[in-house]
Amino acid sequence: MNVYIHLALAYLKKQRGRTIALVLGVALAVMLVFGSNVIFESQSRNQLANIYKMYGTYQGIFTNLNKDLTEKIKNDKDVSKSAVAANLGNLVTDNGISMILNSTDKDYIEMSGYTLIKGHLPNKQGEIVLESQALKKMGLKEKLGETINFKIKKEYKDENGLNQIYMENKSFKLVGILDKPKQYYEGYYSLRGFTYFKEGENNVLPDNLITYEEIVKLKSNANLSGKLNQIRERYNIGRQDYEVNSQLIAALNDFSAQSTNAFTYQFNILIVITAILLIYNMFNISLIDMIKQIGMMRAIGSSKKQVRLIIGFQSLFILIIGLVLGLLMGIAFSYFGIKLYSFVSTNIDVSESSVYISMKNVWNAVKVGALTVIVSSIIPIWISGRISSIEAMRKSDRSGGKQRNRGYHKFIKKISGITGEMAYKNVWRNKWRTIIIVVSVAMAGYLFINDIAVVNKESLISAMSITITNMQDNDFKLSFGTNTEPYFTGYTNDDVKAISQIEGVKKVGTKVSMIGFLESDVNDLDNDFKKYNGISNTNKNVETTIEVKGYDDDQLQGFKKYIDKGYMSSLNNSSDKYPNAVVYNYYYDILNNHKLEGIRKDLNVGDIITIRIPVAKGDKITYEEQNVRVGALLKQEWIFRGDSTRGRYMEVILPQKYLMTISGKSTYEQISVQSKPGKDTYVYNRINKILENKPFAEMESKLSYIETYKNFGTRKLKSDFLIVSLILLIAGMNVYNTLKTNLLIRTNEFATLRAIGMTAKQLKSMIIKESIIYGLLSSIIAALIGGYRVYRFYKMLNEDYSHGFGATHLPQFKFPVIPILLYSAIVIVICILSSYVSAKKVEKLNIVEGLNITE
Amino acid sequence: MVILKTINLSKVYGKGENKVHALKDININVEKGEFLAIVGPSGSGKSTLLHLLGGLDKPTEGTVEIDGVDIYKLSEDKLAIYRRRNIGFVFQQYNLIPVLNVRENIEMPVRLDKKIPDKEYIDDLIEFLGLTERQRHLPNQLSGGQQQRVAIGRALAAKPSIILADEPTGNLDTKTTDEVMNLIKSSIKKYNQTLVLITHNENIAQSADRILSIVDGEIQ
Ligand SMILES: Nc1ncnc2c1ncn2[C@@H]1O[C@H](COP(=O)(O)OP(=O)(O)OP(=O)(O)O)[C@@H](O)[C@H]1O
Ligand SMILES: [Mg+2]
């Protein structure tokens, strides 16, 4: 036994270069798997902790509920914890800030992630707590005891099922201040206030207007979105009355992912396969070196088993060293990788996560390392017990098998001369060894070619992102956030003028918009739509939410291409009895089948529809009925490329002037701005100045959307290229060691060639050409798999976007020639470098010495 | 006419303790068209001499002149070119290129010279070697005698003026030895070539024009 261990170690020592390659192969694979798992686990822990602080612990929210329903949800089989608060409408300030007013419920406040930083929760009528951010936006100091005046606005459905607005003045005494982390307010958020409320004793709202909101946490974290949607369907709650805590759900999904997400999993597989190819090849090559000794040992009486023990012990040794090294390197990798990469799903900054190493991840890495070594050494171990078969293998190594003279042989002869022809023949001496190194080098091409072809391509970014396509030709869109009341905010004609006068502004467009309702006979509505919105058939007449809007003429001209039936110009037609409208009759089902579907059955040009739109009278708002004629219908594609609500509501476009007159609105909801090329940044800064004293004015910028996308792309490129270089490193070691051995065992042949008159230059050129052929073969394989992957990407893109959004004129697949050439160049350089040192040695070969080496 | 000439040719392997004086002050002249046999005990320096005659190694001292050209004054590449045009080697181990078939092996020196092999001549040569049926075969599909015939073919392909053979029949049985020797002899007659051949075979040595005996690196 001892003698075998001794022999095993002696060989590892003698073949030092190969041993280093073996150990490094295992270590790099372990490092990557372990490191990426550790980074992912640390980051997802950190992410979840942050998300809890920012978005609370609840997973979904249901709104517009009655008391009974809150009880049912509370006792639902899937719900583990819930909290209920009354919805008392919105608090609206004079400058148009609007926030949701809830009843005080300690659980609700806690599950929503608020911390009370000052004062106490309301315990008397008329007391209120507000977010620190709200006070800041309102321009108030954080002074407890202060009385603050608001309007209370509550949208409700009357006994006939008609939507109505309740609006009254009301003042509250500030008794406490809530807060959330700063990061939360940098993203999308809606403000809330909490007041004292007791059923039957309230003086905030008439009792019959009160609805309830319930936030829930489920028993199991598996399939959260699906389960929550099932609850919604179970109680027939409409789409508009339901929202998931999407950030939390993403964080929980990350957290509960087995070890890593699919994203990194794919890399781990690639790297492990490359390592397996390396180790397998190295062991096989070792066998060639050890063959004489093994033969001798068999001759003096070693059993097959004992011979196999030698290789077995070698692989065990390599595994142990590789594992220890890999784990250490993995820890080091984690420390720097955690800052460099973000493997989590949300945009939360996790670069400051502390490294968390769990036994589970260590164990995982050990398993991966062991699997890699076992899979790759099992065949060599088995073969080592059958020397006769090794000899056969070696024989085949020295000859070319059956000779075939195919057409391409002649071609190669022609273009690369005798040395090229020899090189080509040599490459195929050991088919398997060639295939293995060619495949291992091609491995990274899959990622590389796809990334270069697809990631951060400007044309693709702007074609794929609905946020960007919805910008149309505009560089900026100015609007107001969710925390505003549209009737008390808006852009004035002065604002429009000021923006038009900014140097570099090419075009300014205006849009008036408001939320209104469509009156329908319940039978006229699409069935799926009804189910989606929780509409039952009990009432004959139903109201569904729509966006009513008006654009300036210039923008309307630009929208002409989205007309499906009818004419955009019908909007200017004043001879009709009713005003004409352009209607978008589709909604996007974001919860179930992710498709565009119709809303009103059989809606045609010429039909008269009844809508209700908000009309301002004094400081009150009421909904008023209005008949309009469908003058044109918009194509499905509008959702994707138009100024759409992204499928949330039906859209009704009316003549702008007319809409402003009947609604009494004098300001615009949205201003769109086109700037002259190169002026974007300047215009952006100037507009920002104008928006400074409008608390919730928001500006979307095409440039910053593209930037965001690119940042995401760059993040992906960064981590992908790490993987690509690791794979190429491992594959490079494989090529280097294999080529070295291939050349070493041919010393005698090289000497012969020199003796019969091959010059040293020709010999070197033959060897370099051999390595170029390896590179070319790898490039071909990489081109095929990379090309296929890019093709699949485009196919998926086209299918998804044309089915999902009815989008046309999507970017079409083009064979990624440049990425393939780039990859080929890299691969060929690696192959040439790998053989260069050996080639140099062969060039200096002493002919006589070479002739004397017979085995 | 002297075609091959050595002047004070010496070869020392190794240094210090391990110094081996493989050749000492060899002076020989070989006439054009001559068949010179070299004999001597194992380790006496026969191969060393042959290698130096063919420009495969560097002498420690002395010169080798072929047709009046001091071959070791040529650059490495020039020497290689010189070899493929003027010298044909035949080795005891045949030393064929395993990935090339019979015809390709034979054409090799011509192809290395970036010339297109003269098809008729190669056809003749292959027929002369009795390998016509085998020209598409790979070396490992041939017997030892056949392989050595291929090696001879390779040595003749470029119509060199000198053939250097190191125990070409060392691995062959008596019958095959006779066949191979007959081939070599009829070839040098046909093409008027000079042959320097190392052998342990008394009969072969006797059939040479001249026998050179080497012992301990010195001509006896
Ligand atoms: N590369 C070398 N390094 C050291 N010594 C060498 C080397 N090559 C040959 N020798 C020595 O030089 C001497 C002559 O060797 P050579 O091969 O010329 O003998 P030989 O006459 O051809 O013998 P054989 O009949 O066995 O082939 C021997 O003593 C040999 O050991
Ligand atoms: Mg010898």
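Laboratory data are not the source of any read-out in this text; all were calculated from the coordinates shown. All values derive from a computational prediction rather than experimental measurement. FYI the Cβ positions are ideal-geometry reconstructions off the backbone, even for glycines, and counts take in every protein chain you see.
List of remarks:
- Of A:K182/A:K477; A:K143/A:K702; A:K769/B:K119; A:K764/B:K189; A:K74/A:K531; A:K74/A:K151, those spanning more than 29 Å from alpha-carbon to alpha-carbon: A:K143/A:K702; A:K764/B:K189; A:K74/A:K151
- Between A:K304 and A:L729, the simple spin-label model (points 7 angstrom out along Cα→Cβ) gives 4.0 nm.
- Taking a point 7 Å out from the Cα of A:M296 in the direction of its Cβ, the residues of segment A:1-18 whose backbone N falls within less than 17 Å of it are A:3-15.
- Set of aspartates and glutamates with alpha-carbon distance to A:K431 below 17 Å, sequence-local pairs under 8 removed: A:E391, A:D397, A:E421, A:E770
- Qualifying trypsin sites (Lys or Arg not before Pro) for segment A:16-90 [loop in DSSP, other Cβ within 10 Å: at most 15]: A:K77
- Rounded tilt (10° steps) of A:359-384 against the dominant C-alpha axis of chain A: 30 degrees
- Annotation for segment A:512-617: trypsin sites (Lys or Arg not before Pro) lying in DSSP loop with at most 12 further Cβ atoms inside 10 Å of their Cβ are A:K540, A:K577.
- Converting phi to 3J(HN,Hα) with the Karplus coefficients 6.51, -1.76 and 1.60 and the offset θ = phi - 60°, segment A:619-625 yields 9, 10, 10, 9, 8, 10, 7 Hz in sequence order, with x at every glycine or proline.
- Segment A:151-239: GluC sites (Glu not before Pro) in DSSP loop, at most 15 other beta carbons within 10 Å: A:E159, A:E199, A:E201
- Computed label-point distance, nm, for sites A:S465 and A:L833 using a 7 Å Cα→Cβ extension: 3.5 nm
- Ordering A:I590, B:I3 from the fewest to the most neighbouring beta carbons within 10 Å gives A:I590, B:I3.
- Shape of segment A:70-177, Cα gyration tensor, a/c cut at 1.5: oblate
- Here the residues A:F476, A:F313, ranked from fewest to most Cβ neighbours within 10 Å of their Cβ, fall in the order A:F313, A:F476.
- Residues A:Y788 and B:N182, FRET efficiency given R0 of 41 Å [Cβ-Cβ distance, rounded to 0.05]: 0.10
- Cα shape, segment A:426-554, gyration tensor, a/c 1.5 rule: oblate
- Per-residue mean of C-beta atoms belonging to partner chains within 10 Å, peptide B:87-97: 4
- In order along segment A:122-134, phi translates into HN-Hα couplings of x, 10, 9, 3, x, 8, 8, 10, 10, 6, 4, 4, 5 Hz, rounded to whole numbers, per the Karplus curve 6.51 cos²θ - 1.76 cosθ + 1.60 with θ = phi - 60° and x for Gly and Pro.
- Helix A:304-340 and the long axis of chain A differ in direction by around 40°, with both axes built from C-alpha atoms.
- Overall form of chain A per C-alpha gyration tensor (a/c, 1.5; a/b vs b/c): prolate
- Relative contact order (percent, whole number), chain A, Cα cutoff 8 Å, 6+ residue spacing: 17 percent
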